[in-house]
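Contents: one structure, followed by commentary.
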Amino acid sequence: MSRSRRYLDGLFAPLTEELTSHELDVAGRIPAGLDGRYLRTGANPRPDIDPERHHLLAATAMVHGTELGGGRVLSHRNRWITPPPVPPRLTRDLLVPAADGCAGLFTHAGDVFASAEMGVPCRLSPQLETLDLADFGAPLPTGAAPHPRHDPRSGELHLLAYHFEAPYLRHHRIDARGQLIESRDLPLPQPGMVHDFALTAQHLVIFDLPVRFNEDALLDGQPLPYRWEERGAARIGLLPRQGPSTTTRWFAIDPCWVSHVAGAFEVGDRVVVDLIRKPSRFRHDLRGDDDGPGELLRCTLDPRFDFALVEVLDADPQDLPVVDPRLPNSERRWLWTTAQEPDDHGHLPAGRELYRHDLGRGQRATIALPEDFCAGAMTFVPAHPSAPEGKGWLLGYLSHRSDEFGEMIILDATRPEAEPVARIRLPQRMPLGSHGCWLGRP
Ligand SMILES: [Fe+2]
């Protein structure tokens, strides 16, 4: 495979058709409690893409959706995201990359949003049509980074946005009705990439990592003009959720890339952050996310020290952590990740099994996937609103290594050894994507 087609062939090969299906083969039994839509986005460039310009994290995107209800598959569809041009009133004339929607999906106030790495989120209809750009009632001057954080207690949505023009990092707080109620600048001293962050009951946890803005990459027209900075420093910042950001406490860590945060919580005056650490980003692979394996880490931020206390919870290659969405900001027992295993070309994004971590007991169980299938990010759906933590289902799409048909899989999250609860055969291939979400029926 030529280097320029690395993210256009094999498991990443884009689909060329939009389909809507209502009759799908199901093996197993779809739980009646799953009443809503599972959605997932990812890069899916149009056929006329110039391979030299393709970037896995800043590309024309396609969203896939499977509607479940009454123990049946009601529909499955896939649609390209077609964002309108970003109007200046949303961005205050800052140079903001396209709102491609390929990096993440989230729900808020009953709506679904597709997020870009550093663009304005797109609002999607339940039928996956692109409705408009999301300004949440006020301009988001630099859009938003892909991973927002919900606060289940207040119903608020917190967004970070990074940019290479000062201020380099912004924090937006959206109320439960979807209206922006506060924006503030955060103290990032130089422009860096910030893919994810954490929220606790009292604090925001941010990352200042050596993946820095690179002017040469910008002038070259690269959609994400950030590169690994050799000998650059890394640190974790802790600041109050509201009020002045000048009180940020910084905790040094070894240079790394934090790909995703599983969650964070407070224990007395300490803050514990569970996250996936990778050795670098945009150092070797400038078009995707393949700069080395991820490992599961626990970082404790103790005010007595100016460095983070780091414990490797699991050094085996993995990424894409999932927790019970009802407990994103408090201590929890269960955590699922997707194992990283090299594909036929030695690249790491493909996962042929999942891990269930019992953080309470320090144990890990492996969840096998059907033979020759690979998983990307999974989504956890509680069995019902008052179910105990971790009781529910894991949903996700599987990509087959050679078959022309993908699958959706539903797993009992409490039983890693069990056969899948259901396997839904999809009408066409399923390329590896980025992230998904669940939109329950209101
Ligand atoms: Fe992500």
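Every number in this text was worked out from the coordinates using simple rules, so none of it is lab data. Bear in mind the structure is a predicted one, so any value in this text is a computation, not a measurement. With ideal geometry, Cβ positions are generated from the backbone for all residues, glycine too; neighbour counts draw on all protein chains shown.
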message: Taking a ≥ b ≥ c as the square roots of the Cα gyration tensor eigenvalues, with a/c under 1.5 meaning rounded and otherwise prolate when a/b beats b/c, else oblate, which class fits segment 144-261?
response: prolate
- prompt: Taking Cα pairs under 8 Å and at least six residues apart, what relative contact order does the chain come out at, in percent?
  reply: 13
- prompt: Shape call for segment 291-351 from the C-alpha gyration tensor, a ≥ b ≥ c root eigenvalues: rounded (a/c under 1.5), prolate (a/b greater than b/c) or oblate?
  reply: oblate
- prompt: Where the only charges are on Cβ atoms (+1 Lys, Arg; -1 Asp, Glu), what is the dipole of the chain about its Cα centre, to the nearest 20 debye?
  reply: 900
Positive dipole terminus of segment 81-186, leading residue within 101, 85, 181 (C-beta point charges): 181
field: Three semi-axes of the equivalent ellipsoid, the chain, Cα gyration tensor, whole Å, largest first
entry: 30, 25, 22
field: In nm, spacing of pseudo-spin labels at residue 215 and residue 266 (7 Å Cα→C-beta vector)
entry: 4.2
message: Would segment 81-186 count as rounded, prolate or oblate if I go by the C-alpha gyration tensor, calling it rounded below 1.5 in a/c and otherwise prolate when a/b exceeds b/c, oblate otherwise?
response: oblate
query: Hey, got a sec? Which GluC sites (Glu not before Pro) in segment 228-313 land in a DSSP loop and have at most 15 other Cβ atoms within 10 Å?
result: 230
task: Taking DSSP loops as anything outside H, G, I, E and B, show the longest stretch in the chain free of trypsin sites (Lys or Arg not before Pro) there with at most 12 other beta carbons within 10 Å.
output: 362-442
message: For residue 226, what residues show an amide H to amide H distance below 5 Å, using hydrogens built from the backbone and excluding near sequence neighbours?
response: 214
Hydrodynamic radius of segment 316-416 per Kirkwood, over alpha carbon pairs, in Å: 14.1
field: Over the chain: helical MRE at 222 nm, DSSP H runs n ≥ 4 each giving -39500 (n - 2.57), nearest 500
entry: -500 deg cm²/dmol
field: Cα centre as origin, Lys/Arg/Asp/Glu Cβ charges: segment 277-364 dipole, Debye
entry: 380
field: Phi to ³J(HN,Hα) by Karplus 6.51 cos²θ - 1.76 cosθ + 1.60 over segment 14-30, Hz, x for Gly, Pro
entry: x, 7, 10, 10, 9, 10, 10, 10, 10, 10, 10, 6, 10, 9, x, 9, 7
